[in-house]
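Working notes, beginning with the structure itself.
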Amino acid sequence: MPGYRLIELANLQPHKARGIAPAENVIGVLDFLRELDEEPFPLPRMSKWRVVGLEEVLFAARPREEEVAAEIHARLNNAAASLEQRMLAIQVVLSGEIVRGAYMTVKYRGASLPLYMIFNSPHRHEDANGNAFYPIEFHLSSP
């Protein structure tokens, strides 16, 4: 299914025997953002990607993590039409715990990092094996 899926690393195979199958293509979040700015758009049609390192980028940006999150949100939104036209499936894999309260955050290295600034606060879904994920359309709403 095209769009983003936020997934905790613990819910992916091989970390969990009956976990979510990881996308075959792996890319760091900063490399992914650079790819989105390329002309012509470089990601192959109907490909599946696993984007890693978002929590590291937000953690390293402290105390400006909200500003960096807002910039990531804007860059993803700018690329939304291209991502949608190519029908890409993007797993955003987080090694920390996703916390969905009033504001969606990821707990990472003792910090609570603002996922809501990028993806708003999508609803939790589970696959047939009880693995949690958060689906999000490419056109991101503002938090």
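Please specify each residue of the range 1-26 satisfying the condition of being closer than 22 Å to THR105 by Cα and among the acidic types (Asp, Glu).
Residue satisfying the conditions is GLU8 alone.
Which numbered condition in (1) out of contact with any helix residue (DSSP H, G or I) (no Cβ under 9 Å at 6 or more places or on another chain); (2) part of a helix (DSSP H, G or I); (3) under 29 Å from ALA17 (Cα atoms) is the only one that PRO122 fails?
Going through (1) out of contact with any helix residue (DSSP H, G or I) (no Cβ under 9 Å at 6 or more places or on another chain); (2) part of a helix (DSSP H, G or I); (3) under 29 Å from ALA17 (Cα atoms) one by one, PRO122 breaks only (2).
Residues being buried (at least 22 other Cβ atoms within 10 Å of the Cβ), over 17 Å from VAL52 (Cβ atoms) and within 12 Å of the chain's Cα centre (by Cα): count how many of those fall in the range 66-91.
Count: 0.
Considering only the range 1-110, give the strands (runs of 3 or more DSSP E) lying wholly within it that have at least 2 residues that are modelled with pLDDT of 95 or more and under 17 Å from SER121 (Cβ atoms). Spell out how you get there, then give the answer.
Working: elements: 3-8, 25-28, 48-52, 89-94, 97-100, 104-108.
Correct list: 3-8, 89-94, 97-100, 104-108.
Report yes if ASN131 is in contact (Cβ under 8 Å) with a residue 60 or more places away in the chain, surrounded by fewer than 20 Cβ atoms within 10 Å (Cβ to Cβ), touching a helix residue (DSSP H, G or I) at 6+ places or on another chain (Cβ under 9 Å) and at negative phi, otherwise no.
yes
Do we find a residue being within 19 Å of TYR108 (Cα to Cα), surrounded by fewer than 17 Cβ atoms within 10 Å (Cβ to Cβ) and out of contact with any Ser or Thr (no Cβ under 6 Å at 6 or more places or on another chain) anywhere in the range 27-50?
Looking through the range 27-50, at least one residue is within 19 Å of TYR108 (Cα to Cα), surrounded by fewer than 17 Cβ atoms within 10 Å (Cβ to Cβ) and out of contact with any Ser or Thr (no Cβ under 6 Å at 6 or more places or on another chain).
Scan the range 92-103 for residues that are surrounded by 15 or more Cβ atoms within 10 Å (Cβ to Cβ) and either farther than 25 Å from GLN13 by Cα or touching a residue at least 60 places away in the same chain (Cβ under 8 Å) (or both) and jot them down. Step through it out loud before you land on a result.
Of all residues in the range 92-103, those surrounded by 15 or more Cβ atoms within 10 Å (Cβ to Cβ) come to 92-96, 98, 100.
Hits for the range 92-103 are VAL92, VAL93, LEU94, SER95, GLY96, ILE98.
Among GLU67, GLU71, GLU56, which is the only one that is of a type in the set (Asp, Glu), farther than 20 Å from SER141 by Cβ and free of Cβ contacts under 8 Å to residues at least 60 places away in the same chain?
Details: GLU67 fails: farther than 20 Å from SER141 by Cβ; GLU71 fails: farther than 20 Å from SER141 by Cβ.
From the options GLU67, GLU71, GLU56, the qualifying one is GLU56.
Name the residue, out of ARG45, ARG75, that is closer than 18 Å to VAL26 by Cα and of a type outside the set (Gly, Ala, Ser). So that I can check it myself, show each step before the final result.
On the way: ARG75 fails: closer than 18 Å to VAL26 by Cα.
Matching residue, one of ARG45, ARG75: ARG45.
The values are calculated or read from the model by the stated rules, or taken from the named source; none is laboratory data. Worth saying up front: this structure is predicted, and the values here are computed from it rather than measured. Here Cβ is always computed from backbone atoms with ideal geometry, including for glycine, and neighbour counts include all displayed protein chains.
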